[in-house]
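Heads up: the structure comes next, in structure tokens.
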Amino acid sequence: MSFFDSFPQPPPPEPAPEPPRPAWMKPEFVVPGSVAADLVLVRTDEVAVTLGLLRAYTTGFEFTVDTRSRRRGQHHRIGAGPRRYLMQMQGTDTEDRLRVGLEFSDGRRAELGAPRPHPDQVTADTLVVHPCGGGGSDRSSHERYWVYPLPTPGPLSFIATWPAFGITEARIELEAEAVLSAAARAIVLWPEAPGRPLGEATMGVVTAGRVERGDDETGARPRT
């Protein structure tokens, strides 16, 4: 035995518990279900605003807002998307700017880019719209948003106004059932709570938040 082996080793430190994630945040361990919907909210001779890449999670959904211009050199107007901080940086936070909002069938509504409520003020009835990044060029911009919670059954409305291009108010509706059906297809990989077991270790096909056991001894579904 070496000299240092004679000294007792301290026990390994206990891992610090992870704080619980706020319920309104996008789940990290969920594979979302996709909604087959690409919506044209605004289209004029100069610009267009479209909505797409809509994906539903177990607690909410995300989508993108894309703005496009037919002419170059309008990035100072096209880039003024709904994100308020981007508009302030570019000095384009004026009455002519693009504004986009959404409304649930129960009357709850929110504007994209508006200040998010303080976490202590978020309840089960609070509609939260959170920017998740984006980018663009001198002819287009795209911005991604997370919405909590899932919409109530009925029409899910998206509204836009863009006075700089003569748009006083444009509205388009999507049936919330499409989002709710996609949320039902979302796959939960692991529980959000750290350390909580998923269940019996299994290889196989994961569907609608559950693991289907395979047919052979390993649990893997045979391929045909």
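The values are calculated or read from the model by the stated rules, or taken from the named source; none is laboratory data. Everything numeric here is computed off the predicted structure, so don't read it as measured data. Note: ideal-geometry Cβ built from the backbone for every residue, glycine included; neighbour counts use all protein chains shown.
The numbered conditions (1) modelled with pLDDT under 95; (2) polar (S, T, N, Q); (3) in the same structural domain as G52 (by TED's automatic domain parsing) are all true for T202 except (3). If the condition is being within 19 Å of L112 (Cα to Cα) and among the aliphatic types (A, V, I, L, M), then the stretch 4-36 contributes only M25.
With a requirement of 3 or more residues that are surrounded by fewer than 19 Cβ atoms within 10 Å (Cβ to Cβ) and modelled with pLDDT under 75, none of the strands (runs of 3 or more DSSP E) lying completely within the stretch 1-108 satisfies it.
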